[in-house]
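Worksheet: one structure, shown below.
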Amino acid sequence: MTQLVAQQGAILPMSPDSIARVAALEQQILACPQVEIHTQHVLHAGMYARTIVIPGGVVLTGALVKVPTILTVSGDVLVSRGEDDGLHITGTAVLPASAGRKQAFIAYADTTVTMVFPTRAATIEEAEAEFTDDTDMLMSRRDPERNTIIITGE
């Protein structure tokens, strides 16, 4: 059995300075024309999965995430991880991602990002409030027409 070093591909909690840098980048991005991003939500078997596709050439910042998640990334993208230069992913990677992170993504090609975490939420709004206090900044809240929602009840 192969065991990978946990830190190697992990997205760890970010320092307040790193979070502030991503927030400053976010303010610059918000001054530019926005790209519409579709969000697919799935609530199933006590898990919430949130998937977006970042078009190639787009820089995107995420909300401040307050729960640990699994992050699955497929494409060609640079993912900020705090103090280092980031993690360049080409192909597919499944990463443990800690609470306390606000990430920036630079997509070189169309890239799919899925975040998954266990939840007791019964609605998408509850699940979103569970993973971030910044729900008002989520693209999924700004334009409900850009959402696909699957809730199985299992």
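The values are calculated or read from the model by the stated rules, or taken from the named source; none is laboratory data. The shown structure was predicted, so the numbers you read here are calculated from the model rather than taken from an experiment. Neighbour counts are summed over all protein chains in view; Cβ atoms, including those assigned to glycine, are modelled from backbone coordinates with ideal geometry. Accessible surface areas use protein heavy atoms only, side chains included; no ligands, DNA or RNA. Shrake-Rupley method; radii C 1.70, N 1.55, O 1.52, S 1.80 Å.
Observations
- Single condition Ile52 does not satisfy, out of (1) assigned to a strand (DSSP E or B); (2) over 20 Å from Arg146 (Cα atoms); (3) in contact with a helix residue (DSSP H, G or I) (Cβ under 9 Å, 6 or more places away or on another chain); (4) among the β-branched types (Val, Ile, Thr): (2)
- Residues in the stretch 127-142 that are of a type outside the set (Gly, Ala, Ser) and touching a helix residue (DSSP H, G or I) at 6+ places or on another chain (Cβ under 9 Å): Glu128, Thr135, Asp136, Met137, Leu138, Met139, Arg141, Arg142.
- Within the stretch 34-46, being surrounded by fewer than 14 Cβ atoms within 10 Å (Cβ to Cβ) and either in a strand (DSSP E or B) or of a type in the set (Gly, Ala, Ser) (or both) holds for His44, Ala45, Gly46.
- Residue check, Glu128 buried (at least 19 other Cβ atoms within 10 Å of the Cβ) and either acidic (Asp, Glu) or in contact with a Leu (Cβ under 9 Å, 6 or more places away or on another chain) (or both): yes
- Members of the stretch 26-40 found to be under 16 Å from the mean Cα position of the chain (by Cα) and within 15 Å of Gln103 (Cα to Cα), listed by number: Glu26
- Residue pairs meeting the criteria (Cβ under 6 Å; at least 6 apart or on separate chains; first over 17 Å from Ala23 (Cα atoms), in the stretch 66-91; second acidic (Asp, Glu) and at pLDDT 95 or above): Gly75/Asp110; Thr90/Asp76
Yes/no matrix, rows are residues, columns are (1) under 25 Å from Gln27 (Cβ atoms); (2) open to solvent by less than 30 Å² (accessible area, probe 1.4 Å); (3) among the small types (Gly, Ala, Ser):
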| site | (1), (2), (3) |
| --- | --- |
| Val73 | yes, yes, no |
| Gly86 | yes, yes, yes |
| Leu95 | no, yes, no |
| Thr111 | yes, yes, no |
| Thr132 | yes, yes, no |
| Leu138 | yes, yes, no |
| Arg146 | yes, no, no |
| Ile149 | no, no, no |
| Thr152 | no, no, no |
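- Test: residue in the stretch 97-105 that is outside any strand (DSSP E or B) and either polar (S, T, N, Q) or more than 15 Å from the chain's Cα centre (by Cα) (or both): yes
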